[in-house]
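The values are calculated or read from the model by the stated rules, or taken from the named source; none is laboratory data. The model shown is predicted, which means the values in this text are computed figures rather than measured ones. So basically every Cβ, Gly included, is an ideal-geometry build from the backbone, and we count neighbours across all protein chains shown. The protein model used for the area step is the full one, side chains on, heavy atoms only, and it has no ligands, DNA or RNA in it. Shrake-Rupley method; radii C 1.70, N 1.55, O 1.52, S 1.80 Å.
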Amino acid sequence: MNEYSIEISNISKNYGDICALDNVSMNTSKGEIVALLGPNGAGKSTLMNILSTFLSPTCGSVLVNGFNADGDDILIKKDIGFLPEGGPLYGDMSVEMFLKYIIELKLDIDDIKEDKKEINKRYKEELKRVMDLARIEHVSKQKIETLSKGYNRRVGFAMSLIGNPSILLLDEPTDGLDPNQKEHFKDLIKKMKKDKTIVISTHLLEEAESIASRIIVMNKGKIVISGKKEEILSQTKTKSLEEAFKTLTNQKG
Ligand code: ADP
Ligand code: MG
């Protein structure tokens, strides 16, 4: 047995001739906030989709909470909250209807499955809890397709919190949020990290720097460096994350 919440070894993912991930290995521990940082096309979303067991790798192994994604993916999914890149679908549903629907699918009610009243109470409490955390109560009756991009992401974030999973995978979570909303989101994530593993993908240096306890830089399907900011600066002999990023991803400044 090991202590890692996520452990992936030698993962590759090909789409026809395109190699989206090339022999990637990484692991995470509880209490960590890991930022996957990289330019567009680096492979961040592909990696997130594989970690969530939504996609299978072409080769390599994925272990989450000790379960193997190749076989035990249902057990893995139960304890993962995933905010995919595109945000919630079901544009026709109101925010509340959508979240209720996911709660019904995801919430564990085995202990009270005969008691309809108790089940409804638990569903309601969970709905209120996730809407409060994502601050979306005032748009709860609105159709998802009528929301701004920022609110759309917040609904997706609320969805990822349903059932209080121990692993949160958030793909570009602050895309479309205004600066105040970004601040609120960062505070919330930091408060949640104690008993969770949180992996956030972003192309924003500032976000990786201010939220993450560890930064993994990806480029062209590979992990090019992983460590705390100070470690990355010292290994790349640079003075800022921006400079390190440019060096590591061959982007001329
Ligand atoms: P990022 O999230 O870092 O921007 P992605 O994981 O979305 O990167 O994409 C990595 C590479 O894989 C890109 O070259 C992208 O065009 C390609 N890719 C991603 N998804 C598919 C797909 N379904 N079919 C073909 N190519 C894909
Ligand atoms: Mg992406």
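A few comments on the model shown:
- A single entry from Ser45, Ser56 fulfils the requirement of being out of contact with any Gly (no Cβ under 6 Å at 6 or more places or on another chain) and within 16 Å of ligand 2 (Cβ to nearest atom): Ser45.
- Matching residues, the range 223-239, being part of a loop (DSSP other than H, G, I, E, B) and open to solvent by 60 Å² or more (accessible area, probe 1.4 Å): Lys228, Lys237, Lys239
- Residue selected from the range 25-54 under the condition free of Cβ contacts under 8 Å to residues at least 40 places away in the same chain and away from ligand 1 (no atom under 15 Å from the Cβ), by the criterion nearest to Glu85 (Cα to Cα): Thr53
- Selection count, the range 1-31, where residues are among the charged types (D, E, K, R) and over 21 Å from the mean Cα position of the chain (by Cα): 1
- Verdict on Pro57 being open to solvent by 20 Å² or more (accessible area, probe 1.4 Å), part of a loop (DSSP other than H, G, I, E, B) and in contact (Cβ under 8 Å) with a residue 12 or more places away in the chain: yes
- Looking only at the range 14-36, residues that are over 12 Å from Lys220 (Cα atoms), within 16 Å of ligand 2 (Cβ to nearest atom) and touching a strand residue (DSSP E or B) at 6+ places or on another chain (Cβ under 6 Å) come to 3 in all.
- Single match in Asn27, Asn23, Asn40, Asn10 (criterion: exposed (fewer than 14 other Cβ atoms within 10 Å of the Cβ) and assigned to a strand (DSSP E or B)): Asn10
- Residue, least open to solvent (accessible area, probe 1.4 Å), within the range 69-79, restricted to residues that are over 15 Å from the mean Cα position of the chain (by Cα) and under 15 Å from Asn49 (Cα atoms): Ala69
- The range 161-198, subset in contact with a strand residue (DSSP E or B) (Cβ under 9 Å, 6 or more places away or on another chain) and within 16 Å of ligand 2 (Cβ to nearest atom), residue most open to solvent (accessible area, probe 1.4 Å): Asp175
- Filtering the range 80-113 to residues that are open to solvent by 60 Å² or more (accessible area, probe 1.4 Å) and of a type in the set (A, V, I, L, M, F, W, C) leaves Leu89, Met97, Leu105.
- Residues of the range 177-201 that turn out to be out of contact with any Ser or Thr (no Cβ under 7 Å at 6 or more places or on another chain) and within 16 Å of ligand 1 (Cβ to nearest atom), as a count: 1
- Looking across the range 159-207 at every residue that is more than 13 Å from the chain's Cα centre (by Cα) and of a type in the set (Gly, Ala, Ser), the one that is farthest from Leu241 (Cα to Cα) is identified as Gly163.
- Selection status of Asn65, more than 10 Å from ligand 1 (Cβ to nearest atom), open to solvent by 30 Å² or more (accessible area, probe 1.4 Å) and touching an Asp or Glu at 6+ places or on another chain (Cβ under 8 Å): yes
- Identity of the residue in the range 202-222, under 22 Å from Arg153 (Cβ atoms), open to solvent by 20 Å² or more (accessible area, probe 1.4 Å) and not hydroxyl-bearing (Ser, Thr, Tyr), that ends up nearest to ligand 1 (Cβ to nearest atom): His203
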